[in-house]
Amino acid sequence: MSITDPTPGEMLVKRLISQLPIDEFSCYVEPRIDQEGRTSRYPDFLIVWRKKGVLALEVKDWHEIEPEESNQDVIRVVKIGGGKKSYTNPIRTAKGYACNIIDLLEKRKELLSRYNGIEQLSFPCEGIVMLPYIDGNTIGGLEQSGIFPRNRVFSRDALLKVDTFRKLLDLVQWTWQIKADLSDEVVEIIQHSIKLVEVNSKPDQLSDDASSKIGDLTLKQENIVFAPLPVRDGGVAIDLIRGSVGSGKTIVLTRRADNLIDIRPNLKILVTAFNIDLTNDLRARIENKNIKVMKFFDICKEILEEKWPMAVEYRDEIGPAILGNWVKQNKELIEGQHLEIDHVIEEMVRRKDISLITEEQYRKDLKDRNIGFSEMQISAISAMYDLYCDYQENLCANGEISADYEDVPDLTLQALFGHKYERYFDVIMIDEAQDWAPKWIRIIKRLLKPGGYLMLCDDPAQSLWKFFNWEQRGIKTPNKIDLELPQRTTQQIMDVAQCLFDIDERLHTDYDMDVYPVRTDHLPQGNKPTLCQYRGIESEFNGINKKIEAILASGIHGRQIGILCSSFDLSKQWKAQPIIKENNIYVGHFNLMKGLEFHTVIIPDLDDTFSEILSVDVWFSISTLRKLFVAMTRARKGLILSTINEIPGKFRPLLHYVNTEQE
């Protein structure tokens, strides 16, 4: 992995910085700094110091040095065996690396902040020099003569012990001081922006275990990222990357996209997802702007052009009708049938997704899925579906736009005949593909050239809406690669989340048994999740607000805190809390959390969530159970659960994995 063989001085510095505390310093060897139109540069080391910023380290194995007369930018090195040679002053080289890093990181908008009306990096980047064979007196003399700035060039004396090295690091003068420590998210973005290899990596001893990493990738992930593009004369080459929550699927997808276009710049690559927040995250992660990153329905909109249905306004955009809105407006049609509204909506959406036009076709599908509805419930859902279809036909007969989102795939497939996007892309990559319907996959296949490459990333346990196996989606023999080991969270958080599998085996599907349960022994240790029990709703709000204040006081930014709710009404109440608005804390419903992750996740109102899971509506129970599992695993470091009533007996095993606090 090294660009050159490490020198003895570099090995000394590497051993030294590997001893810095990992909760404060992230250290990397030979980061690759890409420059537009120029050869990439490789500083010897890079340190991300959470309390200060970024340091580029230049190491020189010189044994004797002296200044060049009348030129501060040049250092004369006395060579072993006699003679002298002039080199660029290493502090100038280190400063150049720092400037290159700034130029590269400034391309990431999420790393910028506005100061005096100008957008700039929210943290400084500096360059320092290590001279492990030069004594302190020589360095001091060059500082006095202005050849070296003070406390920027470290001598042999500074590199003998990590304590001495750390004290001298504290003396480095930074361009400015940051107000809060760099978050995990910022460090990860830096890692993704610069090709980083962790100092603690041992490429010669790598195994397939998650504990052996090249940079922030396991060997298995690296093998996927750098695998050659499959070559086929016809059809489509398909990789199905399957993994548990936090196993690095999104990182693998984005890195592979960037790598493929680096090797073959003429490739037409599309990266897509269903969720808007996830799509935005993919767009931020992917470096090469020639890669097209779009939400699925935005692709459909671009294909349909003026034929895009302009039925209703939803989230400040004019688009197709929302089937669910009609169901909610006519919910009296299913009263007394013990059916949840969300379940009825999903069943009607499913019928449209796979064209179950007749009640007979729908009944066969229910039998195949082993859904135990009563005759009355089946009749109620079928009657509502027929009424909705009649409603759409009446709108159409009156010249009004009737198409909903479930009609868009059929419209798009028709519009694709002769369209510029038909057989246009060489490569298409889909994240969170478990939520995709069969017709969506048909569209994607029509967008691919013959012999094209399709990469799907999925986690069946995170399937919140679309319950289809891959054969039902038209994917029969993919090349399946498992990334079963999670990376995102701690062992304690993963253990409490996986406990749900043991409590209710319905969480499993027949095609996720090869993924779950996952190993957790490789994950970092953390604090046990906290379960807070409150007397009432007001005390719950007050108690959680105090928890948030403590988290903010510890240096965690508000954007790294997520409050995830099973109820839309509850999420509205939380959004109204002053502390939420003032600190940009994320609040969202379980349905909107895909692709998100936070330092700390807070899940309030757990008793209502468990009530939903214990509902007589089997489908609704399983769906809510899955959402709770996904919500828990959005957390990287901390998980706080809160409840007003006691946890139902069925879920008491969870108490083994949490610390309880009672008001």
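Where a number appears in this text, it was derived from the coordinates with a stated rule and is not lab data. This is a predicted model, so every value here is computed, not measured. Cβ: placed from backbone, ideal geometry, glycine included. Neighbour counts: every protein chain shown.
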Subject >> Convex hull volume of the stretch 83-192 per residue (C-alpha atoms, cubic angstrom) >> reply: 152
Original post:
Expressed as an acute angle from 0 to 90° and rounded to the nearest 10, what is the orientation of the C-alpha long axis of helix 537-553 relative to the principal long axis of the chain?
Top reply: 20
Original post:
How many nm separate the modelled label positions at ASN137 and VAL162, each set 7 Å beyond the Cα in the direction of the Cβ?
Top reply: 3.1
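Using the Cα centre of the stretch 331-398 as the reference point, and only Cβ charges (+1 on K/R, -1 on D/E), how large is the resulting charge dipole? Debye, rounded to the nearest 20. Please report the intermediate quantities before stating the final value.
Details: 8 positive and 15 negative charges, 46 e Å.
About 220 debye.
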Original post:
About its Cα centre, how strong a charge dipole does the chain have in debye, to the nearest 20, once Lys and Arg get +1 and Asp and Glu get -1 at the Cβ?
Top reply: 2060
**OP:** Can you find, among LEU356, ILE381, ILE334, the residue farthest towards the positive end of the dipole of the stretch 331-398? Put +1 on the C-beta of Lys and Arg, -1 on that of Asp and Glu.
**Re:** LEU356
Subject >> Interchain or long-range residues, amide H under 5 Å from LEU531's placed H >> reply: LEU641, ASN659, THR660, GLU661
Original post:
So what J values fall out for the stretch 443-454 if you push phi through Karplus, 6.51 cos²θ - 1.76 cosθ + 1.60 with θ = phi - 60°, rounded to Hz, Gly and Pro as x?
Top reply: 5, 4, 4, 6, 7, 7, 5, x, x, x, 10, 10
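Counting only helical runs of four or more DSSP H residues, what would the 222 nm mean residue ellipticity of the chain come to if each run contributes -39,500 (n - 2.57) and the total is spread over all its residues?
Taking each H run of at least 4 residues, the total per residue is -10500 deg cm²/dmol.
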Subject >> Amide hydrogen neighbours beyond the local backbone of ALA311, cut-off 5 Å, H modeled >> reply: GLY319, ALA321
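May I ask you to derive the FRET efficiency for SER379 and LEU413 from their Cβ-Cβ distance with R0 = 30 Å, giving the value to the nearest 0.05?
Details: r = 32 Å, r/R0 = 1.06.
The calculated FRET efficiency here is 0.40.
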Original post:
Given 10 Å bins starting at zero, what is the percent of C-alpha pairs of the stretch 8-198 in each, up to the one with the largest pair distance?
Top reply: 9, 36, 35, 17, 3, 0
Subject >> Of LYS572/LYS627; LYS109/LYS220; LYS220/LYS476, pairs whose Cα-Cα distance is over 21 Å >> reply: LYS109/LYS220; LYS220/LYS476
Original post:
So what does the Cα-only Debye profile of the chain read at q = 0.05, 0.09, 0.10 Å⁻¹, as log10 I(q)/I(0), no solvent term?
Top reply: -0.29, -0.86, -1.03
Subject >> Helix 491-503 vs. the chain, principal-axis angle (Cα, 0 to 90°, nearest 10) >> reply: 20
Original post:
What list of ³J(HN,Hα) values in whole Hz, one per residue of the stretch 317-330 in order, does the Karplus curve 6.51 cos²θ - 1.76 cosθ + 1.60 (θ = phi - 60°) give from phi, with Gly and Pro shown as x?
Top reply: 10, 8, x, x, 5, 9, 3, x, 5, 5, 4, 5, 6, 10
Original post:
Non-local amide H neighbours of VAL153 (under 5 Å, H modeled in plane, Pro and chain starts lacking H): which ones?
Top reply: VAL129
Original post:
Against the longest alpha carbon principal axis of the chain, how many degrees, from 0 to 90 and to the nearest 10, is the axis of helix 359-369 turned?
Top reply: 50
**OP:** Name the shape class, rounded, prolate or oblate, that the alpha-carbon gyration tensor gives for the stretch 324-467, where a ≥ b ≥ c are the square roots of its eigenvalues, rounded holds for a/c under 1.5, and otherwise prolate holds if a/b is larger than b/c and oblate otherwise.
**Re:** oblate
Original post:
How big is the gap, in Å, between the Cα center of the stretch 526-605 and the Cα center of the stretch 625-663?
Top reply: 14
Original post:
Which one of ILE17, GLY146, LEU168 is farthest out on the positive end of the charge dipole of the stretch 8-198, using unit charges on Cβ (Lys, Arg +1; Asp, Glu -1) and the Cα centre as origin?
Top reply: GLY146
**OP:** In whole angstrom, note down how far apart the Cα centers of the stretch 272-300 and the stretch 431-496 are.
**Re:** 16
Original post:
Which whole-Hz ³J(HN,Hα) couplings does the stretch 624-629 yield from phi under the Karplus relation 6.51 cos²θ - 1.76 cosθ + 1.60, θ = phi - 60°, glycine and proline marked x?
Top reply: 5, 4, 4, 5, 5, 4
Subject >> Estimated translational D of the stretch 331-398 in µm²/s (Stokes, Kirkwood radius over Cα pairs; 4 °C; 1.567 mPa s) >> reply: 103
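Suppose every Lys and Arg Cβ carries +1 and every Asp and Glu Cβ carries -1, with no other charges. What dipole size does the stretch 562-606 come out with about its Cα centre, to the nearest 20 debye?
The dipole magnitude comes to about 120 debye.
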